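Each value in this text was obtained by applying a stated rule to the coordinates, not by laboratory testing. This one's a predicted model, so the numbers in the text were calculated from it and none came from an experiment. Positions of Cβ are backbone-derived with ideal geometry, glycine not excepted, and every protein chain shown enters the neighbour counts.
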Amino acid sequence: MVLGVYLTFRVLDYADLTVDGSFTMGGAIAAVIIFSGGNPWLATLAAICGGLLAGTITGLLHTVFKITPLLSGILTMTGLYSVNLRILGRANVPLLRADTVITRFNSWLPTDSIYGASLLGLIIVVLAVVALYLFLKTEVGLVLQATGDNEQMIRAQGVNTNHMKLLGLALSNGMVACSGALVAQNQQFADAGMGIGMIVAGLASVIIGEAIFGKRTLLQHIIAVVCGSVVYRAVLALVLRLGLAPTDFKLLTALIVVVALASPQVKGWLGKGKNNRKGETLDA
């Protein structure tokens, strides 16, 4: 999920709020197909396709109808809430004792292991990091990065930046929907509220990763945001053990993002005050 947020927020420089809806859509599509006896791998693939479609709709609202990025994401996210309820057909879809990608993966292991889900998650993360890195190093990927860095300049070179935005938004929400599908299979249920706050959690992971691990190179930047996601979840687990109520998680996440985004401005104020004091000392 965090890689999808990174793709729009950092690479494309686009504030996409579709994430909350596409995450739930991925979980809903996968859960309904698996609950009906479908193949879990195909269910996950169908979830990715749903995310691609959601991202494309957001992109079309922005590029064709000239709706602002923020509002286009809000409109799609709002519409997806009803769509996801239609897909689920009920408040939630249970997957207890269902055949999921995790049970399939565990069946391939030589012995039963409680770490099967973690191992599968690690493999998927590594594959996603490598795939995203290789994609961003291609010609299309470089143009996508250039669109986020300087849209006017790359448009002057004859590149259709609207197509790049559509591609970036579709890929981003496809990855987010894949994450939603995997989370639903891991927690063994999907509901209409499972994606609430995902965009803020993704932003927190990106910012934490950049602050702790740096972003000197493209590969380091991608790995940093993944590590930031791990740190973010570790912090939530720690504060839970310290007695924080789970209902306060969203508030904590919002505070983390606010502090991270406001820190450069605060540092600027402190630096300006320090320079002013130095000037007053020299004048004296």
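The set of residues in region 243-257 being within 18 Å of the chain's Cα centre (by Cα) and under 19 Å from Phe9 (Cα atoms) consists of Thr253, Ala254, Ile256, Val257.
All conditions but one from (1) more than 22 Å from Leu52 (Cα to Cα); (2) surrounded by 12 or more Cβ atoms within 10 Å (Cβ to Cβ) apply to Leu132; the one that does not is (1). Of all the criteria given as (1) over 30 Å from Gly193 (Cβ atoms); (2) in contact (Cβ under 8 Å) with a residue 24 or more places away in the chain; (3) out of contact with any Asp or Glu (no Cβ under 6 Å at 6 or more places or on another chain), the one not satisfied by Val159 is (2). A count restricted to region 172-213 and to residues that are part of a helix (DSSP H, G or I) and either over 11 Å from the mean Cα position of the chain (by Cα) or without any contact (Cβ under 8 Å) to a residue 24 or more places away in the chain (or both) stands at 14.
Here region 18-44 is the region considered, the condition is being touching a helix residue (DSSP H, G or I) at 6+ places or on another chain (Cβ under 7 Å) and polar (S, T, N, Q), and the residue that is farthest from Gly89 (Cα to Cα) is Thr18.
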